[in-house]
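Derivation of every value follows stated rules applied to the coordinates shown; laboratory data play no part. As the structure is a prediction and not an experimental result, all values here were calculated from the model. As a convention, Cβ positions derive from the backbone with ideal geometry for all residues, glycine included, and neighbour counts pool all protein chains shown.
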Amino acid sequence: MQVRSLSTLECTRLLTEHRLGRLACAGDGRPYVVPIFFAYADNHLYAFSMPGRKIDCMRANPQVCMLVEEHGAGRDWKSVVVEGRYEELPDRIGHKHERDHAWLLLSRHFDWWEPGALKPMTVPVSDHLDHVFFRILIEQVSGREARDDG
């Protein structure tokens, strides 16, 4: 087994080719990790969610981390870790362009809204929950790749 670091270009390629990642955030001094669908463009990861623990954590502490993985044949794998800052894209003047851009990128996939809009819960307290578009400004990216030589 050989493990090597990925170049920035290789990391970017992996982010471009994949849609599912694991988002890590922290709130009240406790870590929280959830799978999310995303779209990569312009040094940002764009995503969509309903309000909940993840959004509450990122609003309180915008420093986040994302893991994106690819599993190959046998024991081969690649992983990219993104460190960045949460930026909410609210539905109001001043954010329309970024919000529309996020929608355009995400909507290229037929099921883009499902993970963020479907929430396992009982009847909501309110009959109206606003969805949240957000992006993660990539501040640092690193990656590794393992190849089985045997």
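Residues in the stretch 59-72 carry Karplus couplings, in order, of 5, 6, 9, x, 6, 10, 9, 10, 10, 10, 10, 9, 9, x Hz; the curve used is 6.51 cos²θ - 1.76 cosθ + 1.60 with θ = phi - 60°, and Gly or Pro positions show x.
In order along the stretch 133-149, the Karplus-derived 3J(HN,Hα) couplings, from 6.51 cos²θ - 1.76 cosθ + 1.60 at θ = phi - 60°, round to 8, 8, 9, 10, 6, 6, 9, 8, 9, 8, x, 9, 9, 10, 10, 7, 7 Hz, and Gly and Pro are given as x.
Ignoring everything except DSSP H segments at least 4 long, calculate the 222 nm mean residue ellipticity for the chain; use -39,500 (n - 2.57) per segment, divide by total residues, nearest 500. Spell out each step's value before the answer.
Values: 4 runs with 33 residues, N = 150.
Mean residue ellipticity at 222 nm (helix-derived): -6000 deg cm²/dmol.
Rounded to whole numbers, the Karplus 3J(HN,Hα) couplings from phi for the stretch 39-49 are 10, 9, 6, 6, 6, 9, 10, 9, 8, 9, 7 Hz, using 6.51 cos²θ - 1.76 cosθ + 1.60 with θ = phi - 60°, and x at Gly and Pro. One compactness figure for the chain is 1.12, namely its Cα radius of gyration divided by 2.2 N^0.38 Å. Think of each Lys and Arg Cβ as +1 and each Asp and Glu Cβ as -1; about the Cα centre, that makes the dipole of the chain roughly 160 debye. Legend: calculated FRET efficiency, TRP103 to GLU17, from the Cβ-Cβ distance at R0 = 25 Å, rounded to 0.05, equals 0.75.
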